Amino acid sequence: MTKYNFLCIDIGTSSLKAALVSDKGQVLSFYRETFSTLNKSKISSDWVAGLQNSIYKIKRDFKIGKEDFSCDAVCISGNGPTLVCEDGTTLLWNEKIDDMKNVVKAGDSALTTSGVTNAGTTTSADIDEKFSYSLFIPRIKYLKQKHPESFDDKKIFSGPEYLIWYLTGTHITILPEERYEAAYWNDDAIKHLGAKPEQFGRFVSPGFNCGKLTEEASSLFGLDKNIPVIAGGPDFIVAMIGTNTLKPGRLCDCAGSSEGINLCTDKQVFAEGIRTLPSVMSGLWNVAVLMQSSGRQFVECKENYEYETNQKISYAEYINTCFKNQKSSGFIIMTSLAHSVKDGLEKITDCAKKNNLKIDDVMMITGGQSKSPEWIQHKADIINYKICTTEVADSELIGDAVLASVALALHKSITDAADEMVKKGRVYAPRSTGRYVNESL
């Protein structure tokens, strides 16, 4: 059987991750490129440089190993709702909007003072109701206000779509599933913002073939121009794919810059402190509890420690230091974060019980925390729940590989591909139960 390899790219908040992944879910080479640009409004330039450096290093690995480098598709995902203008001006997903109270809902004056131009019977009230919880509309308006010279009459992208356009010249927006439209926009809402619908790429689904590399991109990145570029999607969506949280009852902890406990369900539910969004799988839902900036808190602790000790250390070294000194601020933060997860998990389990939802007795984990056995075990002890890693800690990259394999018709569906390509790793049971194990599910 022919072996296929996919170059999988995920744009994070502080770094770009790249891996060459086989059609069996095996990571053949992996690199993380940390962003150095201090001006976050120009951080997209680091995405391009990070991709160049990653490809160079991955190809170098094969040369050193005396193997032939081969890539059958590129798939790109990234953080959202980040916005990028055609000239690279960027509004990151976590940048605070100064006047959010004035733009957060479609009910502000720009959207409600008149009917929708040339929109038939559509009214501003309709837009107000449909897009009142849009993740993008308030940020689009803010970007237009803050950077009019970059915004007006220019193409506008979200994060991964910008890099896709840079490679292919194709202007698209990845809509995770059709039910997500209300979290994005439509032409009428865009017109009410004083923008033009043609500035925004048409909606496509994850796994969409965006075309081949341009001559310029082929030369710049050192890749064959015939390689197709596949739409990944928002990192949250591809993380769910990369942990196979795609069937009712599946549970996942996404522990990155922010953290979220996610349960896949077959019904839409509502409860205080719970966010319910459509799953990437038609007919299913994702019930979640979010902890904003949880990962960032730990990063700041590490940075303070480095400043105080005048030394740079790796995250593994810092975590080890924290466990050796359990009075340290780093250990206190890890413990506090674990208790936040416990509270979130209790909300999820209570919601599942009240709504008669399936829920697994083990929770998958992805993100930086999943690379530290000590940290995961500490968390399992506190939340009193089994936690399981995947073989690849950065599950977004496996999610990208799954989508690429479906795009190339190697699998019939996302679930079929995920069942084969997502590999489970070690299970951590809370030690209070006496069932601490080192096993695969």
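The values are calculated or read from the model by the stated rules, or taken from the named source; none is laboratory data. Model, not experiment: these values are computed from the prediction. Here Cβ is always computed from backbone atoms with ideal geometry, including for glycine, and neighbour counts include all displayed protein chains. All accessible areas refer to the heavy atoms of the entire protein, side chains included, with ligands and DNA or RNA removed. Shrake-Rupley method; radii C 1.70, N 1.55, O 1.52, S 1.80 Å.
Details
- As a summary of the residue check, Gly260 satisfies the conditions (1) of a type outside the set (Ser, Thr, Tyr); (2) assigned to a strand (DSSP E or B); (3) surrounded by 24 or more Cβ atoms within 10 Å (Cβ to Cβ) except for the one numbered (3).
- Residues within segment 205-221 that are surrounded by 18 or more Cβ atoms within 10 Å (Cβ to Cβ) and either of a type in the set (Asp, Glu) or part of a strand (DSSP E or B) (or both), tallied: 2
Conditions (1) open to solvent by 20 Å² or more (accessible area, probe 1.4 Å); (2) part of a helix (DSSP H, G or I); (3) more than 25 Å from His147 (Cβ to Cβ); (4) touching a Lys or Arg at 6+ places or on another chain (Cβ under 8 Å), marked per residue:
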site: Ala182; (1), (2), (3), (4): yes, yes, yes, yes
site: Trp185; (1), (2), (3), (4): no, no, no, no
site: Ile190; (1), (2), (3), (4): no, yes, no, yes
site: Ala195; (1), (2), (3), (4): no, no, no, yes
site: Glu198; (1), (2), (3), (4): yes, yes, no, no
site: Phe203; (1), (2), (3), (4): yes, no, no, no
site: Leu223; (1), (2), (3), (4): no, no, yes, no
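- Scope segment 130-168; condition of a type in the set (Gly, Ala, Ser), at pLDDT below 95 and part of a helix (DSSP H, G or I); matching residues: Gly159
- Matching residues, segment 169-180, being crowded, with 16+ Cβ neighbours inside 10 Å and either polar (S, T, N, Q) or in a helix (DSSP H, G or I) (or both): Thr170, Thr173, Tyr180
- Conditions (1) part of a helix (DSSP H, G or I); (2) more than 25 Å from Asp87 (Cα to Cα); (3) at pLDDT 95 or above: number failed by Trp47: (2)
- Residue match in segment 239-255 (condition: touching a Cys at 6+ places or on another chain (Cβ under 9 Å), of a type in the set (Lys, Arg), in a loop (DSSP other than H, G, I, E, B) and open to solvent by 20 Å² or more (accessible area, probe 1.4 Å)): yes
- Restricting attention to segment 405-422, the residues that are among the aliphatic types (A, V, I, L, M), open to solvent by less than 40 Å² (accessible area, probe 1.4 Å) and without any contact (Cβ under 8 Å) to a residue 60 or more places away in the chain total 1.
- Test result for Val402, crowded, with 20+ Cβ neighbours inside 10 Å, of a type in the set (Val, Ile, Thr), within 15 Å of Asp23 (Cβ to Cβ) and at pLDDT below 95: no
- Those residues of segment 68-87 which are in a loop (DSSP other than H, G, I, E, B) and in contact with a strand residue (DSSP E or B) (Cβ under 9 Å, 6 or more places away or on another chain), in sequence order: Phe69, Ser70, Cys71, Asp72, Asn79, Gly80, Pro81, Thr82, Glu86
- Candidates Thr390, Thr366, Thr335, Thr349 - the one that is hydroxyl-bearing (Ser, Thr, Tyr) and free of Cβ contacts under 8 Å to residues at least 24 places away in the same chain: Thr349
- Meets criteria (closer than 29 Å to Asp10 by Cα and either open to solvent by less than 70 Å² (accessible area, probe 1.4 Å) or in contact with a strand residue (DSSP E or B) (Cβ under 8 Å, 6 or more places away or on another chain) (or both)) for Lys371: no
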